[in-house]
1. Hey, with R₀ at 60 Å, roughly what FRET efficiency would residue 37 and residue 375 work out to, going by the Cβ-Cβ distance, to 0.05?
2. Amide H to amide H under 5 Å from residue 138: which residues, 5+ apart in sequence or cross-chain, H placed 1.01 Å off N in plane?
3. Separation between the residue 476 and residue 454 pseudo-spin-labels, each 7 Å from Cα along Cα→Cβ, expressed in nm?
4. Treating the angle as unsigned and between 0 and 90°, give the value, to the nearest 10°, between the Cα long axis of helix 760-788 and the longest Cα principal axis of the chain.
5. Taking the alpha-carbon set of the chain, what are its Rg and Dmax in Å?
6. Computed FRET efficiency, Cβ-Cβ of residue 388 and residue 271, R0 22 Å: what is it to the nearest 0.05?
7. Mind listing the phi-derived Karplus ³J(HN,Hα) values for the range 134-140, rounded to whole Hz, using 6.51, -1.76 and 1.60 with θ = phi - 60°, and x for any glycine or proline?
8. Where does the Debye-calculated log10 I(q)/I(0) of the range 109-239 sit at q = 0.11, 0.16, 0.18, 0.21 Å⁻¹, using only Cα point scatterers of equal weight, no solvent?
Amino acid sequence: MLQGNPSLASELRGRIAGSGLTPDQIRARLRAAGYPDNFLDNYMQGADTTKKQTTTNGHLSAVQSLGIVSAQGIDSLRTLTDSARAAMDSLRTDSLKKQGGGLRVFGLDIFRSSNSQFDANLGGPVDDNYRLGPGDQLTLVLTGDVEQTYPLQVTREGFIVIPSVGQLSVANLTLGQLRDLLYNRLGKAYSGVRRGGGTTRFEVSITQLRTNQIYVVGEVSRPGSYQVASSGTVLSALYAAGGPTENGNFRRIDIRRGGKLIDSLDLYDYLLRGDNNHDVRLQTGDVVFVPVHGQRVKIAGQIVRPAIYELKPGESLRDLVTAAGGFTADALQRRVQIFRVLPPERRLPGGRDRVVLDLNSEQFAGGTTPSFAMAAGDSVQVFAVADRQRLAVNVIGDVWLPGIVGYIPGMRLSEAIHAAGGPKPDVYLGSILVSRLQSDSSRFQLRSAFSDSTGAVTDDITLQEDDEIEIFSRTSFRPSRWIAVTGAVLAAGQIPYREGMTIRDAILQAGGLSEDALINEAEIARLPSDRSGGRLAVSLRVPLDSTYIFDRGPDGKYVGPPGMSAPGNGARETVLQPYDNVLIFRQPNWELQRTVSLTGQVMYPGRYALLSKSERLTDLIKRAGGLTPNAYPDAIHFFRTQARTGRVGVDLPMVLKDSSFRDNLILIGGDSIAIPEFDPIVYVSGAVNAPVAVAYVPGKDIDFYVQAAGGYTIKGDKSRAYTTQPSGKVESVRRKFFLPDSRPRPRAGARVFVPEKPPEDKSQTLATLGSIAQILASLVTVAIVATKL
């Protein structure tokens, strides 16, 4: 069943509405196909779409019989519910795992698989025991003296009609019985038809199976009515219905026909032994009923298939272990524990509702599981054998194969070391420690030593079970020694020290010299032998030569930057000592080109490389051919990225007039300069009534442009208004005592901004007025006193 999927129901309604068939035509076709007239009424126009509709595979088959949806279309409709079904199954499984302590009901997942193919093939094949009925389509093929093919339809009355032979009643005949009948009837019409041979031969086969309407109810995932092929069985129906729910019975599936119980299927026969003897073939009207489960018990631990199992009355622990696949190899069969909930009549006050039952080794004598009676709700725990390794000693440390070694009574220390692969070349000969477990669980230490590196020992101790042998390495006793290489190398850092290492070896391990290296000499900072006076290191200058340059051209010459040539061969090799710090010098003033971007209204815009560290703005503009006639030098955009400086205000007109002017800046790498065209607009924003762009009027101050933008708002702060000139320089209103304030005059392309008054201004003003009032009151008091005096 595909229940509860609104997308599928809506899709079916759309397909039926778009078919062009009237409701009466749909009902007539359904009746002809063997369905009830009203089978699809809920999907026709005018049906109540607010009511939750349960859609079954039978509905899909009925729509297919109308001829408005192909078989491929039906398959695509079924896929609409796959994700929803998987999500629901996942929720059910998670809920069940919580109830079962992480265990699942055995067999439940078999029917939850989304790729299980449960539909019987409508085209066969079937065996000779298949019983024919109305709706089956047969094909009779005659060969030999007669070459003829006859399609045969089993009518509602159970007949087939063969030309030249007549009408045959085949209802409820098996396919084998039909062949026997055809030998008799065809032999009368065709003299060449004989058993065991003849000049005319025939073959009858089923080309299309009829469908049966069956019903699956009870504790199944999707109960309902199903259309299945006539070859379909109980298992086919269960797969179609999603199998039993977590409350369903796996040990007794009832099949009822005509109101009578005809058989019962035990799913454990199918799941555990592949036995489907009771998987009867279904007929139209059959009811498959799944009752509520019987007694269930849990089994966990060292068992092949831990799960929740359903037991029939009278089945015991032996049957449970058999169903679970038996014990694992590491199961401790001497002890099995059963946690049981007592029946109500045996429960005592004070919470004594549960008991623990232990089955001991005597009950498992002979390697058989006892027939211990189980009760509903029992939980069986199978324990594992102890983790402790017996008849073993442990060899750790500087041997080739450290780990557990098998122990033989009388084993010697040398034999255990030999079994562990023997000592490594850097073994410490001075001591071998043997740790022995005492009866009080403490450990006692024994000692021996190697006489040589071959593995012979001076005191070949007799070992005991559980002894631990530790062999040491001389390498582990040494501190980690290193040298450091810094400066003009490709991979500066610490390098492990090796005896006899030279400065050439160190440069190789540091990736070689970088292109700015000074191939002349290097400095070594070495730990001093005399540390008096707080000395930390002594400095040594050592020579280098051209052989330290590993990157060379095809002709063998040094490949490097111009300016300094590499000295010839002949520098002596310098042997390093542990913890030396090697510094490879860099060439003085060596660096790659610095570039500056110059764009906008210059004759030759582009990215220029600086010629010197003192090149200035005017020098760069001259190299770019000067400004174009359309250039607006007042609006130069000069950006410096160094340390996130941002835009720098530059008075370019003054710089062009006088190269010694302070704004003729020295350029650095990464500078960006853009000179735009003339922009006759002044932009006004901030706390003004109508932020707008205003046409530039020469000589007008900031108030003119603010008024052109609607004037200051109530919150506008006149005293803090400022102008960002097109060059990037910022000019603000300068307040003067007893004189008019100095107000900036925006130039073309400038931006005027009026900030809002800060909230604290009002409180500060009131505080200031209060202070002034106090001062005035004090002055008046002083004046009155002075007058009286």
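The values are calculated or read from the model by the stated rules, or taken from the named source; none is laboratory data. Remember, predicted model here, so these are calculated numbers, not experimental data. FYI the Cβ positions are ideal-geometry reconstructions off the backbone, even for glycines, and counts take in every protein chain you see. Accessible surface is based on the protein model in full, side chains and every heavy atom, while ligands, DNA and RNA are left aside. Shrake-Rupley method; radii C 1.70, N 1.55, O 1.52, S 1.80 Å.
1. Numbers: r = 53 Å, r/R0 = 0.88.
The value I calculate is 0.70.
2. Amide H neighbours of residue 138, under 5 Å, 5+ apart: 152, 153, 154, 207.
3. Each label point lies 7 Å from its Cα, and together they span 2.6 nm.
4. The helix 760-788 is inclined about 40 degrees to the chain.
5. Calculated on Cα positions, Rg and Dmax stand at 50.3, 165 Å.
6. Approximately 0.05, to the nearest 0.05.
7. Once rounded to whole Hz, the list reads x, x, 5, 10, 10, 9, 10.
8. Computed log10 I(q)/I(0) values: -0.48, -0.82, -0.96, -1.20.
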